[in-house]
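Note sheet for the following structure.
The values are calculated or read from the model by the stated rules, or taken from the named source; none is laboratory data. On a predicted model such as this, the values are computed, not experimentally measured, just so you know. Backbone-built Cβ (ideal geometry, glycine too); neighbour counts: all protein chains shown.
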Amino acid sequence: MAGNWKMYKTPAETAAFFEAFRPLIAAAGHCEIVICPPFIDLPAAVASARGTSIRLGAQNLYWAKEGAFTGEVSGPMIRAAGATHAIVGHSERRQFFGETDETVLKRTVAALDAGLTPIVCVGELLEHREAGRTEAVLCEQCLKGIAGLDERQFAQIVIAYEPVWAIGTGRNASPDDAAQVHELIRFTAARRGVPGRLSILYGGSVNAGNVLSLLARPELDGVLVGGASLDADGWAELVGLGGAA
């Protein structure tokens, strides 16, 4: 159960969130909980989550370890701050900041080299879906974006399938549609020679009304949630529902 806070919350608001959230999920042992706040909130989140099973992640990272790259944050810096995960290639990074499949690969390798678990995002636009190109787009993103990983590296990543048309729109893929795409990603990974079962999350307007039907599908290993992860009570409810699926 992973939450992407995007560009919301100050450090003080982050501390207040965890104060309310911690007791609500204290008994939740059925899943791994990862929260990805803005960079500026990571120290407050790490301090607030200390002593719990909650893991923290960054929303992005740069592929160099250090250097003259104003405004960027490296994997070693994120790891040193106490995070264990990093989102890579989110559709908003692709749409607004020029992220490509090639830079997704660079950032994924950088995250792995820093000891972070990359949550690598893939997903099609509405125009791709309506044109029947979902499979082609997903295969291209998977193969070009992570094709350079060796088997050991591939086995350490998490993939998040986020249909772009469902992010923040209130629309979401049906459980059958999501399961079909997850199977496609697994097939693509198997062709790549990945040993074992690849962890794949679904993201795109996940809420308390649809999370049970989504997670009831065995092809889905979890969810990557945006807006619904910002409220402590609502996010705790989603986490709890994840255990009931």
Those residues of segment 145-180 which are in a helix (DSSP H, G or I) and either in contact with a Ser or Thr (Cβ under 7 Å, 6 or more places away or on another chain) or on the phi > 0 side of the Ramachandran plot (or both), in sequence order: I146, V164, A166, P175
Test: V164 is at pLDDT 90 or above and closer than 23 Å to Q59 by Cβ: no
Any hit, segment 139-159, residues being free of Cβ contacts under 8 Å to residues at least 40 places away in the same chain and either surrounded by 13 or more Cβ atoms within 10 Å (Cβ to Cβ) or under 17 Å from the mean Cα position of the chain (by Cα) (or both): yes
Members of segment 78-94 that are free of Cβ contacts under 8 Å to residues at least 12 places away in the same chain and in contact with a helix residue (DSSP H, G or I) (Cβ under 9 Å, 6 or more places away or on another chain): R94
Of the criteria (1) in contact with a His (Cβ under 9 Å, 6 or more places away or on another chain); (2) among the small types (G, A, S); (3) assigned to a loop (DSSP other than H, G, I, E, B), which one G115 fails: (1)
Test result for A49, closer than 27 Å to I167 by Cβ, touching a helix residue (DSSP H, G or I) at 6+ places or on another chain (Cβ under 9 Å) and surrounded by fewer than 21 Cβ atoms within 10 Å (Cβ to Cβ): yes
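One line per residue, one yes/no per condition, for (1) assigned to a strand (DSSP E or B); (2) more than 24 Å from D150 (Cβ to Cβ); (3) more than 17 Å from the chain's Cα centre (by Cα):
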site	(1), (2), (3)
A20	no, yes, yes
C31	no, yes, no
G51	no, yes, yes
A68	no, yes, yes
E72	no, yes, yes
I78	no, no, no
R94	no, yes, no
